[in-house]
Amino acid sequence: MKKAKRARKPAVDAVSPMTTADATVATLTAHGIDTIYALPGVHNDHFFDALARAGDSVRTVHARHEQGAAYMALGAALATNRPQPYVVVPGPGLLNTGAALLTAYGMNAPVLALIGQIPDADIGRFLGHLHEIRDQAGIIARLVDWSARIKAPHEAPLLVNEAVRSMYTGRPGPAALECAIDVWGRKGAVVLQPPLPIPEVPIDEDAVANAAKRLGASKRPLIIVGGGAQDASEDVRRLSKMLQAPVLSYRRGRGVMDDSDPFSVMLPLGHELWREADVVLGIGTHMLYPHTMWGLDNDLTVIRIDADPEEPARIRKPAVALIGNAQPIVRRLLSMLPKHMGKRASRVEEMQERQAKLRQRLSKLKPQLAFLEAIRAELPEDGIFVDEVTQLGFAARIALPVYRPRTFLSPGYQDNLGWGFATALGVQDARRDVPVLAISGDGGFLYTANELATAVRHRIPLVTVVFADGAFGNVRRIQQERFGNRVIASDLANPDFVRFAESFGAAAERARDAKALRAALKRAFARRDGPTLIEVPVGPLPSPWEFIMMPPVRGNIATMR
Ligand SMILES: Cc1ncc(C[n+]2csc(CCOP(=O)(O)OP(=O)(O)O)c2C)c(N)n1
Ligand SMILES: [Mg+2]
């Protein structure tokens, strides 16, 4: 794995007396971790002092709200796929990070939550200590798959190592470590340990052969990719070519295929191809929409590749389940497939025609598409787009061309409004070498707009475009269309976003149309010393939902579930 290469040898391997905090920081740096997102407080004072004494080896980026710190860690983890810690106080501090941690779980992101605790001896006694919360460990255990409490200095290296390994083992995702206020500063004999190797999952050769046989015999195969395919991009592209199979992506799988390839298909075309498909290969995706909305029947063979052994059969048992990391499995499939298939007729022209027809249909979303064109024209191919739960985000998921893996970040099934701006700050902080663009609605942006202060303080050159329609526009449209125009709780009183951003010391301007947005973006990307906000005032935008929530096209939903 990438992280093993970057891992450093711990500075001390002999037994030496250290505090729990020092041992934790030393082990984090041994994993190549060089940044921690943070909001301090008395429970973690010894830990912060260890960070201060660690000097240049770890950069501490402090946010203005714990959710900001946790979203930034999420962004950094998503941008790099490397372990990314954040540290906060217990109780309210932990709960303030809840939505970010939940989203990290849903996105299988390697975020490490470091959470303070009340005095060790009093945990569970309900004495009313500062920030005490009932069963904090139990709450954390519901949010992540792996968690533990560090109870003594010598445990720190072992538990940090296990936490990091857990993030890349089985179903990937976040992990958490608690430590009590009086344990961080406790000194004891510590043996620092190098990072643990990530166990390789053996490939089930019979299952791969079975999948290769079925894919080789297929007439109209379809590949569906999710977040779990991001590191298998090259091999998925080869597989698509070999099988002449279109590859569908929606939110987390965007960028696995290069959208200049006509075989890279977005949701509405995928829906059409699902109806015709005889064999579907799902790679690192829940396949929830196809399974639960588009319909299944016995003429459709489903093959799944997933890191989580329990995932493939959750909705319906697939014909073949291949468990492990996508990349080596797809590679093995590629080597076996030629035995099971002849040369295939090219579907390039067919796919080009289908793409052209879809573009026609999508022209219904013209206002959104014009803004997305301006964005794409200025955001370089390796620039990273961070999506939000807003009209422009919904359109981007089905229409923004994406060319490279990990350059389109969307919150996945949580679709967690307000995640975008602070997450994008973490992305830009971790990838200062590429431009990062966040979009937001006026609703979503104010969830974490306070973190403009963090962006200025830490000179994070993120560019944010806020599309301001004076409403929770999506909610309002549903109320208008489906609830007899009884509009409730969906109008918004907004600040002047330009003056608001400027008051933090950020650069800001207003762009009233797509052309002005493009010009503003050019100026913004040229600025690398701090954040830029661009406000785009918009009216109501056409609904994208007919292209996203699509009806059954095969089988009988009721009997298949
Ligand atoms: C955490 C969370 N709370 C509430 C929602 C429900 N929700 C979905 S879209 C939306 C409105 C978004 O408003 P805005 O950010 O202004 O985007 P717009 O639809 O106006 O473009 C809301 C409240 C959600 N998805 N996530
Ligand atoms: Mg809005």
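Screening the stretch 520-544 for residues that are loosely packed, with under 14 Cβ neighbours inside 10 Å and of a type in the set (Gly, Ala, Ser) and picking the one that is farthest from the chain's Cα centre (by Cα) gives Gly539. When Phe547, Phe504, Phe483 are checked against the criterion of being under 28 Å from Ile398 (Cα atoms), in contact with a helix residue (DSSP H, G or I) (Cβ under 7 Å, 6 or more places away or on another chain) and either open to solvent by less than 30 Å² (accessible area, probe 1.4 Å) or not β-branched (Val, Ile, Thr) (or both), Phe547 stands alone in meeting it.
Scanning the stretch 444-479 for residues that are open to solvent by 10 Å² or more (accessible area, probe 1.4 Å), away from ligand 2 (no atom under 14 Å from the Cβ) and out of contact with any Gly (no Cβ under 6 Å at 6 or more places or on another chain) yields Asn450, Ala453, Arg457, His458. Looking only at the stretch 88-142, residues that are among the charged types (D, E, K, R) and within 14 Å of Ile181 (Cβ to Cβ) come to 3 in all.
Look through Leu358, Leu369, Leu365, Leu333 and report the one residue that is within 19 Å of Ile203 (Cα to Cα), assigned to a helix (DSSP H, G or I), touching a helix residue (DSSP H, G or I) at 6+ places or on another chain (Cβ under 8 Å) and at pLDDT 95 or above.
Leu333
The C-beta contact set for the stretch 470-490 (first residue in contact (Cβ under 8 Å) with a residue 24 or more places away in the chain, second residue within 7 Å of ligand 1 (Cβ to nearest atom) and outside any loop (DSSP other than H, G, I, E, B), distance under 6 angstrom, 6+ apart or interchain) comprises Phe472/Gly443; Gly473/Gln391. Residue check: Asp433 meets all listed conditions (1) without any contact (Cβ under 8 Å) to a residue 40 or more places away in the chain; (2) buried (at least 21 other Cβ atoms within 10 Å of the Cβ) but one, namely (2). Please indicate, with yes or no, whether at least one residue in the stretch 486-498 is open to solvent by 30 Å² or more (accessible area, probe 1.4 Å), closer than 26 Å to Gln428 by Cβ, part of a helix (DSSP H, G or I) and away from ligand 1 (no atom under 16 Å from the Cβ). No: zero hits. Of the set (1) within 16 Å of ligand 2 (Cβ to nearest atom); (2) at pLDDT below 95, all apply to Lys343 but (1).
The values are calculated or read from the model by the stated rules, or taken from the named source; none is laboratory data. Everything numeric in this text was worked out from a predicted model, so none of it was measured. Cβ atoms come from the backbone with ideal geometry, glycine included; neighbour counts cover every protein chain shown. These accessible areas exclude ligands, DNA and RNA; they are computed on the full protein's heavy atoms, side chains included. Shrake-Rupley method; radii C 1.70, N 1.55, O 1.52, S 1.80 Å.
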